[in-house]
Structure formats: structure tokens, C-alpha cells
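Undergrad: This structure is in C-alpha cells; I'll ask about it shortly.
The values are calculated or read from the model by the stated rules, or taken from the named source; none is laboratory data. Source: prediction; values computed, not measured. Ideal geometry is used to build each Cβ from the backbone, glycine not excepted, and the neighbour counts take in all protein chains shown.
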Amino acid sequence: MAESKRVVVIGLGYVGLPLAAALAKTVETWGLDIDAGRVGELGRGHDRTGELTAEQLAATPLRFTTDPAACPPADFYIVTVPTPVDAENKPDLSIVIAATRTVAGMLQAGRKPIVVYESTVYPGVTEELCGPELERLTGLTCGVDFFLAYSPERINPGDREHTVDRITKVVSGQTPEVLDKVSDLYGAVTSGGVFRATSIKVAEAAKVIENAQRDINIAFMNEITRVFARMDVSVWDVLAAAGTKWNFLKFEPGLVGGHCIGVDPYYLAHRAQELGVQADVILAGRGVNDDMARWIAQEIHFRRGERAGTALVLGLAFKPDVPDLRNSKVADLAGALGQLGHQVTVYDPLVDAGAALHEYGIALDPLALDRHYDTVVLAVPHRVLIEAGLDRIFGATAPGGLLVDLKNVISPDRRQAASVEVWTL
Ligand SMILES: NC(=O)c1ccc[n+]([C@@H]2O[C@H](COP(=O)([O-])OP(=O)(O)OC[C@H]3O[C@@H](n4cnc5c(N)ncnc54)[C@H](O)[C@@H]3O)[C@@H](O)[C@H]2O)c1
């Protein structure tokens with residue numbers, strides 16, 4: 001344990017908690033969150049995001065608090081708070097600024113602390129917004145009394161392979177010395193090594209284009225899905241064939257929700273527009289992906305002969321194997337089916353029922369799989385759903401009904417042997 005070093009991580013969500021727990025293995029680490037409920041549950045050994053187990057929480061020397069004054073002066077302040085968009089898809093940096101104000105209250109010049117931002121932003125936020133805000137509030141000089149750094153987070157919640165202690169960490173710093181310190185800090189916790197970006201803006205840009213690139217590629221998949229649907233050609237069969245070429249990129253069609261892929265491209269597009277550059281490709285991709293839930297609902301309705309009936313939607317989380325509801329496009333799909341007249345029931349064994357009701361007004365039905373429906377939509381194939389058996393899912397589809405397999409998890413043999421119609425994109 002490097003005794004002289006101390007870290008405070010601000011924001012203990014999907015990103016901040018695993019990071020803070022990993023850092024706590026090598027350096028004294030404090031975890032600060034404004035949500036007393038979150039700090040309380042972590043103290044009791046429960047992580048609602050499912051990223052840390054009760055055993056890991058019990059074993060971590062990480063200290064949790066809601067009170068900045070409880071954190072002793074630190075060498076690194078790492079900001080891992082949300083960066084959403086507003087109703088007009090413009091960056092909402094108010095949470096990052098609020099966390100920056102909290103950091104300002106803790107900064108002490110003598111230790112020459114480094115403030116590291118991990119939240120996904122557009123290039124320039126760290127140095128042009130956060131640094132000046134810290135200076136304004138503390139009266140300290142950035143680059144003299146305290147320093148800035150940026151290290152984007154790349155973890156993929158629910159993914160047990162690409163964890164914070166295994167992935168390559170991109171790091172950047174205001175000066176070469178800061179870059180060395182930040183590299184040492186992160187290098188000690190990940191076996192994937194660190195990549196030293198040439199500047200803070202480069203590191204900010206790298207993160208935002210990683211997600212924009214993914215969004216655009218999925219948008220292309222969604223666009224061809226819509227074209228091939230009119231030709232009665234399965235996009236999955238096309239992808240299997242095209243995927244045999246050595247340089248074909250392996251993406252899949254689907255709903256793009258969550259806190260990152262569907263949000264971050266708007267950050268870059270917004271900054272581009274401010275600079276007088278039209279981000280046509282990025283925004284076109286966003287448009288296609290955002291429209292996918294409506295399109296799927298219409299296809300289902302069309303396949304049901306434009307007759308509304310009962311419909312069961314399986315999975316509400318924005319992707320498989322996480323309880324994360326943020327920006328779930330399955331909620332849009334359920335809503336669009338409802339608007340077309342279908343009587344919709346939603347089931348998700350991983351999602352908190354109170355959160356579903358609060359976020360989307362959707363009352364999850366824990367007994368939903370025990371009934372029959374005209375349409376069953378396997379929207380989010382959580383492992384637990386599939387392991388419980390496809391038989392149950394087929395069984396919930398009424399005779400003459402339609403089973404929609406959005407992620408193509410049902411094998412062609414099984415599909416052909418089924419007594420109900422199975423449709424995949
Ligand atoms: N979740 C992901 O998959 C992922 C992956 C890579 C990067 N990111 C980025 O990381 C950042 C954090 O995302 P997340 O998914 O961990 O968010 P999250 O919502 O899971 O967690 C954020 C936490 O910050 C806390 N918080 C909010 N305001 C605060 C404040 N002023 N002071 C202290 N705590 C505060 C919240 O209570 C919450 O516990 C975002 O910028 C996101 O884009 C997320």
C-alpha cells in the first residue's frame with residue numbers, strides 16, 4: 001500500500017464503484033456520493049448495479065461517505081458522475097459541474113492535488129469548463145496549485161471479461177509529471193496497462209468517438225435490417241455470410257439505449273455544431289437508432305395482421321444481464337405497441353420493479369410468464385431468462401401467436417420446429 005497517497009472517487013455508480021474498489025487495493029481510497037441511499041446500501045454490502053458482490057464489498061478497505069468534509073485531503077480526486085443529455089439531446093454538464101464544486105471544497109494547494117475526470121464529455125470540458133470553475137471557486141491556480149487529468153472509463157457493465165482491472169486505461173495529464181503520476185496510479189490496478197494520450201483533449205475525444213463509432217455501426221445494421229425486411233431476407237443470414245470476409249466489421253442490429261452509446265454521440269455532435277461543423281453522419285446514426293423501437297413495433301403489428309392483442313415484452317433493461325434501465329429503448333417499444341392498441345405486459349427478472357414504475361410507469365409482472373399472449377417479444381435475452389428455458393417462452397406464446405426474437409438467440413432448427421410463428425429482425 002502506497003501510504004502517502006490518497007484518492008477520493010466522486011460518484012459511486014456503475015463506473016465509480018468498481019474503480020474505487022480496484023484503487024482501494026493499492027492506495028487509501030474514499031468513495032463519495034451524494035445519494036445517501038446508495039452509500040447506505042454499499043455500507044450494508046449491497047450493490048444494486050451488480051458490479052460488486054457482497055463478498056467483494058465486505059473485503060474492500062474502501063470507505064464510503066456522503067460528506068466531503070469527512071474525506072481527508074487527497075492527492076487525486078476522480079470524478080465519475082453521470083453526463084446525460086437534456087430533452088433536446090444537448091449535453092447536460094450540470095452534474096459534472098456540481099461534482100467539480102464539491103471537489104473545489106476539498107482542494108488544498110499544499111498537496112498539489114490532481115483532479116481526474118472520468119465522465120464521458122466532449123473535448124475541452126476538462127480544461128475549458130472544469131479547470132476554470134475550480135480556479136474560480138478556490139482562488140487557486142490551475143497548473144500551479146492543482147492539476148487536471150482525464151482518463152476515460154471503458155468498462156462495459158455486466159461484462160465480466162473487460163473489467164476495470166483488465167482493460168487498457170487511456171490516461172492524460174496537464175503536464176508530463178501529472179501524466180506520470182496518473183499513469184502510475186492506474187497502471188497499478190490494471191493488467192491491461194495504460195496508454196498515454198498526447199493531451200487531455202485527445203483522451204476526451206478518444207472516448208467519445210469509441211462510442212460514436214459503435215453507434216454509427218449499429219445504425220448501419222439497423223438501416224440494412226429495414227431494407228432487407230422489405231425483401232424478405234433475414235439480416236442475420238446476410239451477416240453470417242458477409243462475416244466470413246476478413247475485414248467485415250461484426251456488428252448487430254438492435255435497440256441502442258443506456259447511458260453511453262445512445263448519448264455520447266450527441267456530446268460530440270453538439271460541440272461540432274458549436275464550432276460550425278455539421279456532424280451529419282453522427283446525427284444520422286442517432287436518428288436511425290432512436291427510431292428503431294417504433295419501427296419494430298410497427299413490424300410486429302403488421303405481422304399480427306394489424307390486429308391488436310395481448311403482448312408480453314421480455315426484458316426491460318437496456319441490454320442483457322444488467323438491471324440498468326437508463327434510456328431503455330424497450331420501454332419505447334412497449335409504449336409503441338401500446339399505442340398500436342396492444343395490451344402490453346412487461347417482465348424482467350433483473351430490474352427493480354419500483355425503478356421501472358418510477359422511470360417509465362411500467363408495472364413489471366413477476367408472474368407474466370405463467371400466462372399466454374398473442375405476441376411474445378424476447379427483447380432482452382438475459383442469461384437467466386434463457387437458462388430458465390426457451391420452452392417457457394414458447395409456452396407463453398398462444399397457439400397462432402407470434403414470438404419475436406429480437407437478438408436472434410433462437411436457433412434456426414428450433415424456429416422451424418416451432419408451432420408458432422417466430423420472427424427475428
Ligand atoms: N455505465 C457505463 O457503462 C459507462 C461506461 C463508461 C463510461 N461511463 C461514463 O461514466 C460516467 C458515470 O456513469 P455511471 O454509469 O457510473 O453513472 P451512475 O449513474 O451509475 O453513477 C453516478 C453516481 O454519481 C452520483 N452522483 C451524482 N452527482 C454527484 C455529485 N455531485 N457528487 C457525488 N456523487 C454524485 C450518483 O448518486 C451515482 O451514484 C458517465 O459520464 C458515463 O458516461 C459510463
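Undergrad: Which of the residues belonging to the stretch 45-78 are assigned to a loop (DSSP other than H, G, I, E, B) and either over 17 Å from Val189 (Cβ atoms) or free of Cβ contacts under 8 Å to residues at least 12 places away in the same chain (or both)? Don't jump to the end; show me each part of the working.
TA: Restricting attention to the stretch 45-78, the residues satisfying the condition of being assigned to a loop (DSSP other than H, G, I, E, B) are 45-53, 60-62, 66-67, 71-75.
Of everything in the stretch 45-78, those that are assigned to a loop (DSSP other than H, G, I, E, B) and either over 17 Å from Val189 (Cβ atoms) or free of Cβ contacts under 8 Å to residues at least 12 places away in the same chain (or both) turn out to be Gly45, His46, Asp47, Arg48, Thr49, Gly50, Thr53, Thr66, Asp67, Cys71, Pro72, Pro73.
Undergrad: Moving on to the next point. Given Ile282, Ile261, Ile362, which one is assigned by TED's automatic domain parsing to the domain that holds Phe394 and touching a residue at least 40 places away in the same chain (Cβ under 8 Å)?
TA: Answer to the check: Ile362.
Undergrad: For the structure I just gave you, tell me whether Glu128 is surrounded by fewer than 22 Cβ atoms within 10 Å (Cβ to Cβ), more than 29 Å from the chain's Cα centre (by Cα) and not aliphatic (A, V, I, L, M).
TA: Values: surrounded by fewer than 22 Cβ atoms within 10 Å (Cβ to Cβ): yes; more than 29 Å from the chain's Cα centre (by Cα): no; not aliphatic (A, V, I, L, M): yes.
So Glu128 does not fit the description; no.
Undergrad: In this structure, does Ala54 turn out to be more than 23 Å from the chain's Cα centre (by Cα), among the small types (Gly, Ala, Ser) and more than 9 Å from the ligand (Cβ to nearest atom)?
TA: Working: more than 23 Å from the chain's Cα centre (by Cα): no; among the small types (Gly, Ala, Ser): yes; more than 9 Å from the ligand (Cβ to nearest atom): yes.
When the stated conditions are applied, Ala54 does not pass them.
Undergrad: Within the stretch 106-122, restricting attention to residues that are near the ligand (Cβ under 10 Å from one of its atoms) and part of a loop (DSSP other than H, G, I, E, B), which residue is farthest from Ile78 (Cα to Cα)? First the steps, then the outcome.
TA: First pass over the stretch 106-122, keeping only residues near the ligand (Cβ under 10 Å from one of its atoms): 117-121.
Applying the additional criterion that residues be part of a loop (DSSP other than H, G, I, E, B) yields 118-121.
Values: Glu118: 7, Ser119: 9, Thr120: 13, Val121: 14 Å.
In this case the residue turns out to be Val121.
Undergrad: Restricting to the stretch 244-255, what's the tally of residues that are at pLDDT 95 or above and within 17 Å of Arg214 (Cβ to Cβ)?
TA: In the first step, residues of the stretch 244-255 are kept if they are at pLDDT 95 or above; the result is 244-249, 251-255.
Next, only the ones that are within 17 Å of Arg214 (Cβ to Cβ) stay: 248-249, 251-255.
Number of matching residues: 7.
Undergrad: Only one of Val103, Val125, Val79 is under 24 Å from Pro157 (Cα atoms), modelled with pLDDT of 95 or more, within 14 Å of the ligand (Cβ to nearest atom) and among the aliphatic types (A, V, I, L, M). Can you tell me which?
TA: Val79
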